[in-house]
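Bear in mind these aren't lab numbers, they're just calculated from the coordinates by the rules spelled out. Here the structure is a predicted model, which means the values were calculated and not measured. Cβ sites come from the backbone with ideal geometry, for glycine too, and all protein chains shown count toward neighbours.
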Amino acid sequence: MEPLEKMECEACRVGAPLVTGEEIEDFLAQLPDWEIGSVDGVDRIERVFAFKDFAEALAFANRVGAIAERASHHPRICVEWGQVAVAWWSHEAGGLHRNDFILAKKTDEAFDL
């Protein structure tokens, strides 16, 4: 499988194919700090990032927001003192799409800045 950092997002739509269990395993191998969660029966990929203070957490959340805007694909971002929780899923497709894993990788890259 191609590395996530080399993949590009594609336009997502209602009925777009969700990732398979095998694809999830392959993608998670490239995203070791992320987990699969579910809310109201809809799977999402989630991670909590730690920071030394609120200002750093907020700056990171803004970087993730910029990534989301460029991709026109928007995660759940929860900012608290010293941490940011990020969850990606494809609203239109109703679960996990390849784009969610690509954007999780971009989120990791934004954290490593």
Query - Complete set of residues in segment 52-94 that are in a loop (DSSP other than H, G, I, E, B) and within 10 Å of the chain's Cα centre (by Cα) - result: 73, 74, 75, 89
**Report entry** Residues satisfying the stated conditions in segment 1-48, i.e. of a type in the set (S, T, N, Q) and either in contact (Cβ under 8 Å) with a residue 40 or more places away in the chain or touching a Gly at 6+ places or on another chain (Cβ under 8 Å) (or both)
**Finding:** 30
Requested in this report: Please indicate, with yes or no, whether at least one residue in segment 32-41 is on the phi > 0 side of the Ramachandran plot, of a type in the set (S, T, N, Q) and not in a helix (DSSP H, G or I).
Outcome: no
Report task. Filter segment 3-21 for residues that are within 22 Å of residue 107 (Cβ to Cβ) and either surrounded by 11 or more Cβ atoms within 10 Å (Cβ to Cβ) or hydrophobic (A, V, I, L, M, F, W, C) (or both) and give the result. Result -> 4, 5, 7, 9, 10, 11, 12, 16, 18, 19
**Report entry** Cross-chain or 6+ apart pairs with Cβ under 8 Å, segment 79-98 first and closer than 10 Å to residue 16 by Cβ, then in a helix (DSSP H, G or I) and acidic (Asp, Glu)
**Finding:** 90/100; 98/23
Query - In segment 1-31, residue farthest from the chain's Cα centre (by Cα) [restricted to those that are among the aliphatic types (A, V, I, L, M) and not in a loop (DSSP other than H, G, I, E, B)] - result: 29
Requested in this report: Residues being touching a strand residue (DSSP E or B) at 6+ places or on another chain (Cβ under 6 Å) and more than 15 Å from residue 91 (Cβ to Cβ): count how many of those fall in segment 1-35.
Outcome: 3
Query raised in the report: With 45, 24 as the choices, which residue is more than 21 Å from residue 110 (Cβ to Cβ), surrounded by 10 or more Cβ atoms within 10 Å (Cβ to Cβ) and of a type in the set (A, V, I, L, M)?
Result: 24
